[in-house]
Amino acid sequence: MIKKLIYPTDRKCFFCYELSNNINNYLCSECYQRLEFIHDYRDIPSDRLNGVYSSLLYTSITKDLLHKFKFEDGNYLCKPLSEIMLETIKKREINNIDMIISVPLHRLRESERGYNQSYLLAREIGNKLGIYVGKDIVIKTKNKKPQSKLQYYDRLGNLKEVFKVKRKEELRDKNILLIDDIITTGTTILEVSKVIIEAGAKSVTGLTLTSTNHSGKIKQ
Ligand SMILES: [Zn+2]
């Protein structure tokens, strides 16, 4: 049996599917009001990594949104979620970006899911800003235990040499915006940015849809 997809219409919320006259950014005002916007900045000390920005605090609604986006064929949620990230780009005046890249999934995980959720976000953002989005430039070479099942110190080891750059020449002297759906400890962004910098990029700025904590830091 072919699973039937229900596409939300103009007046339907992309998340709760309720009909509403108050649709803002594909979401109804009830859902929108539950989102906790932080437009956070986190400094992760590393060579040529400009830190990481995050749009939303990871709360129960963002958890459900991400679950739908990643595991329940909710790929259309890249529309409202990328708009939210674009707000952070505007508010934080993130500019001087030459190229956008997403944190890769292992190819087996990606074919299981049918898409890489972070790439969908990157593609939407790139389209809106008119910035080139690099696909499959950074790849994930080992499919180890999911990060969430590991303790913090194991995570560092778990990610070692997992990310590889395939087409170095595309990164040379570029200022990269690196997109992911969530930041917890920051090790994933850190590891990916390291291989991008090693490949010759000029700088990396991270941007994630959600963050599990709010650093409260304002970039000077
Ligand atoms: Zn709604």
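Taking the stretch 21-39 on its own, how many of its residues are touching a residue at least 40 places away in the same chain (Cβ under 8 Å) and near the ligand (Cβ under 10 Å from one of its atoms)? I'd like the intermediate steps shown before the answer.
Residues of the stretch 21-39 that are touching a residue at least 40 places away in the same chain (Cβ under 8 Å), as a first pass: 25-27, 35, 37-39.
Adding the requirement that they be near the ligand (Cβ under 10 Å from one of its atoms) leaves 26-27.
Residues that pass the stated criteria total 2.
Could you go through the stretch 47-56 and let me know if any residue there is part of a loop (DSSP other than H, G, I, E, B), more than 14 Å from the ligand (Cβ to nearest atom) and either at pLDDT 90 or above or surrounded by fewer than 18 Cβ atoms within 10 Å (Cβ to Cβ) (or both). Let's see the steps before the verdict.
Start the filter on the stretch 47-56 by keeping residues that are part of a loop (DSSP other than H, G, I, E, B), which leaves 47-48.
This time we only want the ones that are more than 14 Å from the ligand (Cβ to nearest atom), so: 47-48.
Next cut, either at pLDDT 90 or above or surrounded by fewer than 18 Cβ atoms within 10 Å (Cβ to Cβ) (or both) only: 47-48.
Yes, some residue in the stretch 47-56 is part of a loop (DSSP other than H, G, I, E, B), more than 14 Å from the ligand (Cβ to nearest atom) and either at pLDDT 90 or above or surrounded by fewer than 18 Cβ atoms within 10 Å (Cβ to Cβ) (or both).
Here is a yes/no grid of residues against (1) modelled with pLDDT under 95; (2) assigned to a loop (DSSP other than H, G, I, E, B); (3) over 19 Å from the mean Cα position of the chain (by Cα):
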position: Ile2; (1), (2), (3): yes, yes, yes
position: Tyr7; (1), (2), (3): yes, yes, yes
position: Asn21; (1), (2), (3): yes, yes, yes
position: Gln33; (1), (2), (3): yes, no, yes
position: Pro45; (1), (2), (3): yes, yes, yes
position: Asp73; (1), (2), (3): yes, yes, no
position: Ser82; (1), (2), (3): no, no, no
position: Met85; (1), (2), (3): no, no, no
position: Glu93; (1), (2), (3): no, yes, no
**Asked** (1) out of contact with any Lys or Arg (no Cβ under 6 Å at 6 or more places or on another chain); (2) away from the ligand (no atom under 16 Å from the Cβ); (3) farther than 22 Å from Gly186 by Cβ: which one isn't true of Asp98, the others all being true?
**Response** (1)
**Request:** Give, as residue ranges, the strands (runs of 3 or more DSSP E) completely inside the stretch 102-220 that count at least 2 residues that are closer than 28 Å to Tyr76 by Cα and at pLDDT below 90.
**Result:** none
**Message:** For the stretch 10-34, which positions are on the phi < 0 side of the Ramachandran plot and crowded, with 19+ Cβ neighbours inside 10 Å?
**Reply:** Cys13, Phe14, Phe15, Ile23, Leu27, Cys28, Cys31, Tyr32
**Item:** Hits in the stretch 105-118 (condition: buried (at least 22 other Cβ atoms within 10 Å of the Cβ) and either free of Cβ contacts under 8 Å to residues at least 60 places away in the same chain or touching a Leu at 6+ places or on another chain (Cβ under 6 Å) (or both))
**Value:** Asn116
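The values are calculated or read from the model by the stated rules, or taken from the named source; none is laboratory data. Keep in mind that this is a model prediction, so the values were computed, not measured. Cβ coordinates were reconstructed from backbone atoms using ideal geometry, including for glycine residues, and neighbour counts include every protein chain displayed.
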